[in-house]
Structures are given as C-alpha cells and as structure tokens.
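Below is one structure, written out as structure tokens; the observations come after it.
The values are calculated or read from the model by the stated rules, or taken from the named source; none is laboratory data. Because the structure is a prediction, the values reported are computed rather than measured. So basically every Cβ, Gly included, is an ideal-geometry build from the backbone, and we count neighbours across all protein chains shown. SASA here: full protein model, heavy atoms, side chains in, ligands and nucleic acids out. Shrake-Rupley method; radii C 1.70, N 1.55, O 1.52, S 1.80 Å.
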Amino acid sequence: MSLDVGLSLPGTKAARQGSWTVTPLHAVVAVFMVAIMLRGVLPFNVDVSWWLIVCERMLDGQRLYVDILETNPPMAGSVYMLGVVLARAIHARPEVVTNGLIFLLIAGSLALTWRALRFSSLRERAGGAAAAWATAVLAILPMYDFGQREHLALVVLLPALAVYVLRANRERVAPSAILIAGLCAATTMNFKPYFVFGVGFCIVTAAVQARDWRVLFAPENWIAAALVVIHAICIVVFYPEYFTLIYPLVRDVYLLLKVPFLAILLMSATALWLAAIMVVLALQSRRRKPDATSLVMLAGSLGFAVSFFVQGKGWGYHAYPMVALGLLAAGWAISTGDDERAGSHRLRAGAMFVVALIFANACLWFNASVDMRQVQDQVARLGPRPKILMLSAAAVIGHPMVRELEGTWVSRQEAFWVREIVRRARMHGTIDSAMAARLEGYIARERAGIVEDFKKQPPDVVVIDNENSDWGNWVAADPELSALLKPYIPVNNINGIEILRRADQTRS
C-alpha cells in the first residue's frame, strides 16, 4: 500500500491502491537517494568545514568573536552546533552527521509546507510533481554549496512561503502554520540582514495579490519581527564583541571586497536567474488569471536577487536562493497550466526543456570548487594529524583539508583576508592614502593574531600562498615572522603554494 502523505497522483485510483505504482512520493525518495549519493562524491564545502571547527572550539570553551574571528552573526554558526554535538556523542564524523541533519531539515521543511497546504485549493498540485521538483531544487541543486547559510535559509523559509501563498489566495491559515511561518521567516532573516529583501518581497506580493493591506500585518509577520528583535537583543547581551570588534572591521574592511556591478550582471548565475524568470512570465501570460503561488515565489526570487547584488561578492552560494526560487516558480508554473490549447501545450513543453537546461547549468555553476588534492596529499605525507598554519586569504586551500587529515587549525580565523582586501583596494585605487593608513590598524591586529596563535600552538606544517598573493615576501620582510619560520624547511611548491615542515619533524 502507498503511504498517503499527499504525494500521490490526485484522482488516480491505482496510485492509491497499487503497491507497484510509481507515485510522486517514490520520486521524492528517489531524488533524496540521488542527493545522498552526491554527498559521497562531491567535496565538503569550505565554509561549512570552517564552521564545524568554530563549533568545536566553542564547545571547548573558546569565545566567538574573541578567541575566534568571524564576520557572520551567531546564527550562522549555531545551526551547525547540533551536528557537532551529536557527532561527539555518537563518535562519528561531524561532516556526516551535519549532512544527515540537513537532509532531515529538507524533509521536515517539505512536510511542514505540505501540512500548511493540505486543506487548501493547492493540495493536489503541491502533492504532485511539484514536490519532487522542490526536493531536487533543495537537495541536489546546491551541489558544492550544500549546507551553506543561503541554502539553509531557503530550506527553512519554505513553510513560510506556503503561508504567504495562502494569504495571497485569501485562504484560511491554521494557527500552527502561522506560528511555524513566523519562526521560519525569522530564522531566515537572522542568518543575514540581507535576507529581509527575500521575505519582505513575498509578504508585499501576497498583500497585493490578495488586494488586502492587512496581509502586511498578519500574525506570522509580527511573530517574525518579534523574533528578529529578540535575536538582535541576544547578540547585544551575549556577544557584545560582535558590535564592538567585528562590526567596525566589517564596515571598514570587509565591505571593500566587492565585484563591479556590471561583472555581477554578466555572471552565469544572473543569466540563469533571468532565464527562469522569463519562463515564469511567459507561462503567466497565457493564463486566464495570475497564479499567486508563482508570483509569490517570483517575488522572493527577486528579493534574494537584491540581496545577491547588494552583497556584491558574486560568490556562487550568494546566488543560490534567487536561482532556486526562480526554478521553483518555473516548475510550479509548468505543472499548473490551465490552458488546453495546442499552442499552450507546446509552450509548456518548451518551458520544460528550458528549465531542465537551466537546472543542469545551475548545478554546474554551484559545483564550482578549487581542487586542492595535490596540496592535501603532500601535507598528508608529512605525518598524521598535523597542526597546520596557512598564510593565505584563500580559505579553500586549508579547508576542508585540515579536517580531512584530522589535523588542527592553528589560527583564530578561517583565512587572513584583512591584509589581502586592503592590498587589493590599494592596487585598484578604491581607497586613498588616508583610508589606507587608517586600515593599517586592522592589518596590524591580524598580524598580531598570527604571531600569537603561532607561539601558542607551533604548527607542524606551514602553507604559504604565493599563487594568489605575495605572502612569502610579506613574511620575509617581517623579522618576527621570519624568526618564527626559521625552524621550518621547504618541502614542495605546488603552483605557487609553498609547503614547509618543521626541520625536526620525521617524515611518515
């Protein structure tokens, strides 16, 4: 017998009675299986790997923003804490446990979304092919960026999107769905302030579609706003250093790291997003009346696009929510066509082909990573569980290498980006001499942290990045750092990445 959770073909008797009939539920399970297998093939994400180290250090008593330098709000790390705690309890790898919890989160989000829609006019549509498509977008599309904050933020937001759609359709919303929607929307916005665009655009669109301004003040919105305020107060109380130490650093240095707006517009992610939007608009133009679900998701996609452009980094995972919501909207628009004319059928068939191409190309975009296996293999030959110090702004060199080797990260930060951002700003002329002089204090603080961490826990291996910057020359010009590196001898140089080991260290 088939389990009735809404993921069965509506009106099909065989789908409800036949034990061998393939239903959308089977498709959802199949998509999950493919996604799980991908986790065994694709490399672990660099930033997620770093956040696991952060959580481990916090459990060991270190203080976030004091002993650990990180620019993101506490929410960014707290979501990974459960995986680390469970991994320690059952003596498993945190990476495996974290991935498992993310899959459970995706399944839970889909279940809560279905629960919100089960008594609505969207019940049959939401339980059909749309469910399998949503699973693919949430579980497969992220590829290398699986587990990134943008990925988790969108996964958590899905039940709130369901409520916004119900508001747009002027349908009844259950009290439990209201509470869950408020919690989910608040969680998404607490990841990054930028995500308020994605949530806000959905709410405004729902109000416009319902032609009722009271939707703007629906209970779930008050709940979300209250939780965001409470979260901000908790940061002030429990993490005051975020505002006294980190905020000035982000304001003065980190925000200098931006890609030209035109370059972002010309990125593949922008083109893929625009293509998905065009598919939705083309299908909407053939409908007798606008489809609220597609419009709300389209609005959310536009909101996250604003977030992508405002952040100005052009990084793949920053683009995930806007592309994913665009694809969700396109998939929904294809599955809910109400025009039976032959021309409409041809349009939907063409749209399916285009969306499949967008999905495939988006998977390639989100799978972009740097192959550091040569460096990792060389470091692995130097001995088990090495203590590693990396002099570089490129975090991908050291992560997840240090975790793969079960080593120790000898630094309070993921990578040394302060000096590099200032160096590039000077080179590109985006800051004047007065500003550069003011930023020297941040560079000096970063250098002092390197020296302090080095002395506190002398590394077995030092990796110096001369491929992406001039770290070797910088060290050579610093007497104190040069003295600290005197006991180290070169082992290899891989494409400008120099690997050193302690002279008294025996090769394995």
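Working only within the stretch 405-423, note down all residues that are in contact (Cβ under 8 Å) with a residue 40 or more places away in the chain and surrounded by fewer than 18 Cβ atoms within 10 Å (Cβ to Cβ).
T408, R423, listed by residue number.
The conditions are (1) surrounded by fewer than 24 Cβ atoms within 10 Å (Cβ to Cβ); (2) part of a helix (DSSP H, G or I); (3) out of contact with any helix residue (DSSP H, G or I) (no Cβ under 6 Å at 6 or more places or on another chain), and F119 fails exactly one of them. Which is it?
Going through the list (1) surrounded by fewer than 24 Cβ atoms within 10 Å (Cβ to Cβ); (2) part of a helix (DSSP H, G or I); (3) out of contact with any helix residue (DSSP H, G or I) (no Cβ under 6 Å at 6 or more places or on another chain), F119 breaks only (2).
How many residues are more than 21 Å from the chain's Cα centre (by Cα), within 17 Å of I431 (Cα to Cα) and open to solvent by 30 Å² or more (accessible area, probe 1.4 Å) when one looks only at the stretch 243-255?
1
Find the residue count for the stretch 443-493, including only residues that are hydrophobic (A, V, I, L, M, F, W, C), part of a helix (DSSP H, G or I) and either open to solvent by 40 Å² or more (accessible area, probe 1.4 Å) or touching a Pro at 6+ places or on another chain (Cβ under 7 Å) (or both). Step through it out loud before you land on a result.
From the stretch 443-493, those hydrophobic (A, V, I, L, M, F, W, C) are 443-444, 448, 450-451, 454, 461-464, 471, 474-477, 481, 483-485, 489, 491; that's our starting set.
Within this subset, residues satisfying the condition of being part of a helix (DSSP H, G or I) are 443-444, 448, 450-451, 454, 471, 474-476, 481, 483-484.
Now narrow it down to the ones that are either open to solvent by 40 Å² or more (accessible area, probe 1.4 Å) or touching a Pro at 6+ places or on another chain (Cβ under 7 Å) (or both): 444, 448, 474, 476, 483.
Residues meeting the conditions: 5.
Can you name the number of the only condition in (1) surrounded by 14 or more Cβ atoms within 10 Å (Cβ to Cβ); (2) farther than 30 Å from P175 by Cβ that V199 fails?
(2)
Scanning the stretch 256-306 for residues that are of a type in the set (K, R) and touching a residue at least 12 places away in the same chain (Cβ under 8 Å), which turns out surrounded by the fewest Cβ atoms within 10 Å (Cβ to Cβ)? Working first, answer last.
Just the residues of the stretch 256-306 that are of a type in the set (K, R), to begin with: 258, 286-289.
Then keep just the ones that are touching a residue at least 12 places away in the same chain (Cβ under 8 Å); that gives 258, 286-288.
Numbers: K258: 17, R286: 15, R287: 15, R288: 6.
Per the stated criteria, the residue is R288.
Looking only at the stretch 217-231, decide whether some residue is touching a residue at least 12 places away in the same chain (Cβ under 8 Å), touching a Phe, Trp or Tyr at 6+ places or on another chain (Cβ under 9 Å), of a type outside the set (F, W, Y) and within 24 Å of A333 (Cα to Cα).
Within the stretch 217-231 (the criterion being touching a residue at least 12 places away in the same chain (Cβ under 8 Å), touching a Phe, Trp or Tyr at 6+ places or on another chain (Cβ under 9 Å), of a type outside the set (F, W, Y) and within 24 Å of A333 (Cα to Cα)), the answer is no, since none of the residues qualifies.
Using beta carbons and a limit of 9 Å, which pairs, at least six apart or on different chains, have the first residue in the stretch 463-488 and in contact (Cβ under 8 Å) with a residue 60 or more places away in the chain and the second one in a helix (DSSP H, G or I) and surrounded by fewer than 13 Cβ atoms within 10 Å (Cβ to Cβ)?
Cβ pairs passing all conditions: V475/S482.
Report, by residue number, each residue of the stretch 472-495 that is touching a helix residue (DSSP H, G or I) at 6+ places or on another chain (Cβ under 9 Å) and at negative phi.
Within the stretch 472-495, the subset touching a helix residue (DSSP H, G or I) at 6+ places or on another chain (Cβ under 9 Å) is 474-476, 478, 480-482, 484-485, 491-492, 494-495.
Within the stretch 472-495, W474, V475, A476, D478, E480, L481, S482, L484, L485, V491, N492, I494 meet the criteria.
Residues that are of a type in the set (F, W, Y), open to solvent by 10 Å² or more (accessible area, probe 1.4 Å) and touching a residue at least 60 places away in the same chain (Cβ under 8 Å), at least 1 per element: which helices (runs of 4 or more DSSP H) completely within the stretch 315-400 meet that? Let's see the steps before the verdict.
Details: elements: 316-335, 342-366, 373-380, 395-398.
The helices (runs of 4 or more DSSP H) meeting that bar are 316-335, 342-366.
Report, by residue number, each residue of the stretch 1-30 that is in a loop (DSSP other than H, G, I, E, B) and at pLDDT 50 or above. Walk me through how you get there before you give the answer.
Within the stretch 1-30, the subset in a loop (DSSP other than H, G, I, E, B) is 1-12, 18-23.
S19, W20, T21, V22, T23 - these are the residues of the stretch 1-30 that are in a loop (DSSP other than H, G, I, E, B) and at pLDDT 50 or above.
Just the residues that are in a helix (DSSP H, G or I) and open to solvent by 50 Å² or more (accessible area, probe 1.4 Å), please, taken from the stretch 31-45. Show your work before the answer.
Step one: of the stretch 31-45, the residues in a helix (DSSP H, G or I) are 31-39.
Within the stretch 31-45, M33, V34, I36, M37 meet the criteria.
Name the residues in the stretch 74-98 that are buried (at least 20 other Cβ atoms within 10 Å of the Cβ) and not hydrophobic (A, V, I, L, M, F, W, C), would you?
Scanning the stretch 74-98 gives G77, Y80, G83, P94, E95, T98.
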